[in-house]
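To keep things clear, I will list the structure first and then write my remarks on it.
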Amino acid sequence: MTAKNGSATATRVKASDPTDQLPRDLLSREEYLELFRQLYLARYFDVRLIKEKKKGRLTGTLYSSHNQEAVLVGSLFGLRPNDWISPIHRDMPAFFMKDLRSGWDNPDRMGMSIEEVCAQVWCKVGSPGRARDNWSHIGKKDKHIIHSTSMLAGTIPVAAGVAYADKLDGGDTVVVTFNGEGSTAQGVFHEAINFAAVHKLAVVTIIENNQWAYGTPTHLGYPLEDYARRADGYGIPGFIADGQDVFDVYDKVMQAVAWGRSGKGPSIVECKTFRAYGHGDHDDDRAAKYRPQDEVEQGRSRDPIAIAKKVLLEKGYITESEATLYQAEGKSAGQTTDEDFPPEVVAYLKRGVDYALKSPAPAAEEGERWVFRV
Amino acid sequence: MTNMTYREAVRLAMIEEMDRDQNVFIMGEDIGKYKGTFRVTDGLFERYCQEPRDWLVEPPHPEILDGVGRRVIDTPITEPGIVGMATGAAMTGLRPIVEMMTMSFSILALDQIINHAAKIHYMTGGQISVPLVIRGPGGAANQLSAQHSHSMEGWYAHVPGLKVVAPATPNCAKGMLKAAIRDDNPVIFTENPGLYSMKGDVSDNVDEIIPFGKARIAKEGKDISLIAYSRMVNVSLAAAELLAADGIDAEVVDVRSLLPLDTETIYNSVRKTHRAVVVYEDWKSGGFGAEIAARIAQDCFDDLDAPVGRVGGLNVPMPYARVLELQCIPNEQDVLAEVRKIG
Ligand SMILES: Cc1ncc(C[n+]2csc(CCOP(=O)(O)OP(=O)(O)O)c2C)c(N)n1
Ligand SMILES: [Mg+2]
C-alpha cells in the first residue's frame, strides 16, 4: 500500500518566485485565527447535519468532509471575492465558506448564506435550486459558484469555460475546481485541463486525495502514488499539499492561484487527506468493514483542527488555556457536544437550521417550472 | 423453483454463467470486494478471484494487485473506458458483463456503446461479433434526483445493433440475463432499482434461458390491455386490481424485451381487448412506449375501439424533493386516469 495521509509535502514544480517567503507569511495573526475558526465551522456543519439525520429530521445523503476541512478552508481562504469555485459532493461547507473573509454576516459577500445552504439540505424552496436537487448539488451564479452535479469531473470543463469567458472579457479571476482523486480517471478531467493548458486559463484543480473512491482504494484507480503527476502530461505545475495542514494547503493553493492569475495557465494541487467515514452516511456501516481498521485509525490520527491549533500555539497566537477551550479534534460527530465548538460557530449553524425548518416545502404542482427559460 | 429476490436472481444468473463458461467475466466500479453499490455482485469476488488458479500467470507485484481480480474487475471511474475495453475483450471471444453503477452513467459511454459495440458487426460485414452485456439499475429510485434517475432503455432501443431487455420479475431477470450473456450481440440489460428487493419464484434449471423477443402475459383479462415493462408491470398489475373493483378486467402484457420486440403477443392481446394503454417510466415524450403505441395504432387500427393511451414520466429532469419526484413517476392512479380518459 502507498503512504497515506499527508506524508508528502514537497512541491513538485516550484511556481512561486524564488524568495523563500510563503503565502502564509503574509497573513496577520487575525487571519491565522480566522482560518482556525473556519475549521471549526466546517467541522460543526458536518457534525450538526449528522446529528440532525440521526434524529430522523432529514432525508438525503451527507458526504462527510470530516477530517478534510483543511482542504476546503485552506483553498478558499485566499481567493478574491470574484473568483469562481466549483465544489463537488464532499465539499458542502464550501458553498457558504466562499468569501467568508468578507464577513460571516455580510449579505453582500460572494458566497451562499448559511440559510440557503441549510434550506438546500432540508429540501425547501428557500434553497438556491428550490428543492430540485440534492444536498450538494447547488450553484449560484451571482456568487460565482458553479452548479455541481452528480457527474464526477463533469464540471471541470464547465469551469474551464467560465475561465475562458473571463479571459475573453479581459478579467483576472481564477476558477478553483474541487475533485476527488477517483474522479481524475474521468475523460473530461483530462479534456478540460488540456484545453485550459492550451489556452493558459486560470483554472486551479484541487484533487482531494482522501485515499478512497466509494469502495475503491487508490491503488485500483491510478498506478502512481501522487495524483499531482497528472499535471506532468500537460506541462503544468502539480503541487502537493498536506491536506491535514490548513496552512500548507493555503500556501500551495495560493501559489497555484498566483500562477493562474498572472496568465501562466492552469495547475493542479493534490491535497493528501483521508476520508473519515463511509462514502456517504448510507455507507458508514459498510465502510467500517471494507477499510482496514488500522488504516482508518492512522488516517484519522492527524486531525486538521489539532494541527492548526499546534501552529497557533507555537506562534504564540493563542495561549495554552485558549487552546483547551474547545476540543472538537479527534472526536467523531457523536462524541462532540456544542461545547466543543466556539459559540459563534454554533449560533451560525442554528441560524441556518432555523431558517431551513421554517422555509416552505415545494408545492407538488410547481414541478414543471424552470425546464426552459420563458 | 426457489424463492429469491430480483437482486439474487441477477447474481445467480451471473454465477451460473461464469461457472459454465470461463470466458465470462465482470467489470465495473466498486463491484469487487465492495460487492456493488446495490450489492448485486456480493460474493463474486470471493468466488472467482481468491483461487490461485484464477491467475493466468503469477502477478509480478502481488502487493499492487491486492484486490485486483481476473474475472471480477474493479475499474477506475471511467465509464466509456470500461465499455470500450469490454468491447475489445468481447471482439476476441471473451464474454464481458459490464456493471454500470447506474444506467444513468452509461450516458457517458454512449459513444462506445453506439459507435463501437453496436456497429462493429455490421460495419465489418459480419466478421466481428461483440458478445457484451451492459447491466445495472435503470430508472428512478428514491430521491436520487436528475442525474441518477434516467430510464435509458428507450434511448438504446433506438439503436440498430443493440438488444435491449427490461425484465420485471426475478425469474425473468435470471432467465434473460443468462440469455444475454450467451447472446453474441451487445445487450443492454436494465434492472429497475425498485425491483431489487422484490421476491419471486425462480427456476433452478441452470440450462433454462428465457429467449429475447417473447413478451409475457402477466395477467389475463378481456377488457383492456395494459402494456408495460420493468417496474411498470407491477404498477400495471396494481392498476388492474383497482380496475377489477370497477368491473374492468384488464390484461397486463409484460413486454420485457424491447429490441427485439414481440409485437405478436402485444397485438393478440389488443385484438382480444380492443383497448390499449402503454405504461412506461421514461419521459413520456419520445420514450419507447411511444413506439409501442404507434405500432398498435397502425397495425391494430381496425381492432381498436378507442385511441391508444399512454402513461409516461413527466417531461422534466427528475427533481429531488419527494413531492416533486412523485409527480414524475407514473403510478397506478395515473394508469386508472388514462384508462378512463380513453373510454
Ligand atoms: C461519472 C460518474 N461515475 C460514477 C459515479 C458514482 N460515484 C459517485 S462518488 C464516486 C466516488 C468518487 O470518488 P472520489 O472522486 O475519490 O471522491 P470522494 O468521494 O472520495 O471525495 C463514484 C464512483 C458518478 N457520480 N459519476
Ligand atoms: Mg476520494
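The values are calculated or read from the model by the stated rules, or taken from the named source; none is laboratory data. It should be emphasised that the depicted structure is a prediction, and the values quoted were computed from it without experimental measurement. Don't worry about glycine lacking a Cβ; one is built from the backbone with ideal geometry, like all the others, and counts go over all protein chains shown. All accessible areas refer to the heavy atoms of the entire protein, side chains included, with ligands and DNA or RNA removed. Shrake-Rupley method; radii C 1.70, N 1.55, O 1.52, S 1.80 Å.
Quick notes
- For residue A:177: the one exception among (1) farther than 30 Å from residue B:38 by Cα; (2) away from chain B (no Cβ under 14 Å): (1)
- Candidate set from segment B:299-343 (those that are open to solvent by less than 30 Å² (accessible area, probe 1.4 Å) and acidic (Asp, Glu)); member that is nearest to the other protein chains (Cβ to nearest Cβ): B:325
- Hits in segment A:206-224 (condition: outside any loop (DSSP other than H, G, I, E, B) and either near ligand 1 (Cβ under 7 Å from one of its atoms) or over 16 Å from the mean Cα position of the chain (by Cα) (or both)): A:208, A:212, A:213, A:216, A:217, A:218, A:219, A:220
- Residue satisfying condition, being surrounded by fewer than 16 Cβ atoms within 10 Å (Cβ to Cβ), on the phi < 0 side of the Ramachandran plot and within 25 Å of the chain's Cα centre (by Cα), within set A:294, A:284: A:284
- Lone unmet requirement of (1) open to solvent by 50 Å² or more (accessible area, probe 1.4 Å); (2) away from chain B (no Cβ under 14 Å); (3) on the phi < 0 side of the Ramachandran plot for residue A:330: (3)
- Unique residue being in contact with a strand residue (DSSP E or B) (Cβ under 9 Å, 6 or more places away or on another chain) and either polar (S, T, N, Q) or within 16 Å of ligand 2 (Cβ to nearest atom) (or both) when the list is A:148, A:127, A:102: A:148
- Flag if residue A:205 is within 16 Å of ligand 2 (Cβ to nearest atom) and open to solvent by less than 10 Å² (accessible area, probe 1.4 Å): yes
- Strands (runs of 3 or more DSSP E) (entirely within segment B:121-219) containing at least 3 residues that are open to solvent by 10 Å² or more (accessible area, probe 1.4 Å) and over 30 Å from residue B:317 (Cα atoms): B:199-202, B:216-219
- Filter result (part of a loop (DSSP other than H, G, I, E, B), within 14 Å of chain B (Cβ to nearest Cβ) and not charged (D, E, K, R)) within segment A:333-373: A:359, A:360, A:361, A:362, A:363, A:370, A:371, A:372
- Reported count of residues in segment A:231-246, each being surrounded by fewer than 24 Cβ atoms within 10 Å (Cβ to Cβ) and hydrophobic (A, V, I, L, M, F, W, C), is 0.
One line per residue, one yes/no per condition, for (1) within 11 Å of chain B (Cβ to nearest Cβ); (2) assigned to a helix (DSSP H, G or I):
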position: A:67; (1), (2): no, no
position: A:75; (1), (2): no, yes
position: A:93; (1), (2): no, yes
position: A:111; (1), (2): no, no
position: A:115; (1), (2): no, yes
position: A:118; (1), (2): no, yes
position: A:131; (1), (2): yes, no
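- Test: residue B:296 is farther than 30 Å from residue B:142 by Cα, under 24 Å from the mean Cα position of the chain (by Cα) and away from every other protein chain (no Cβ under 11 Å): yes
- Output for segment A:225-261, where each listed residue is over 19 Å from residue A:24 (Cα atoms) and out of contact with any helix residue (DSSP H, G or I) (no Cβ under 9 Å at 6 or more places or on another chain): A:226, A:228, A:229, A:232
- In segment A:142-154, residue farthest from the other protein chains (Cβ to nearest Cβ) [restricted to those that are closer than 18 Å to residue B:317 by Cβ and surrounded by fewer than 24 Cβ atoms within 10 Å (Cβ to Cβ)]: A:146
- Subset of segment B:21-37 [within 22 Å of the chain's Cα centre (by Cα) and more than 12 Å from every other protein chain (Cβ to nearest Cβ)]: B:24, B:25, B:26
- Answer from A:157, A:217, A:223 - the residue that is surrounded by fewer than 24 Cβ atoms within 10 Å (Cβ to Cβ), of a type outside the set (S, T, N, Q) and within 12 Å of ligand 2 (Cβ to nearest atom): A:217
- Test: residue in segment A:180-196 that is surrounded by 20 or more Cβ atoms within 10 Å (Cβ to Cβ), assigned to a loop (DSSP other than H, G, I, E, B), more than 16 Å from ligand 2 (Cβ to nearest atom) and not hydroxyl-bearing (Ser, Thr, Tyr): no
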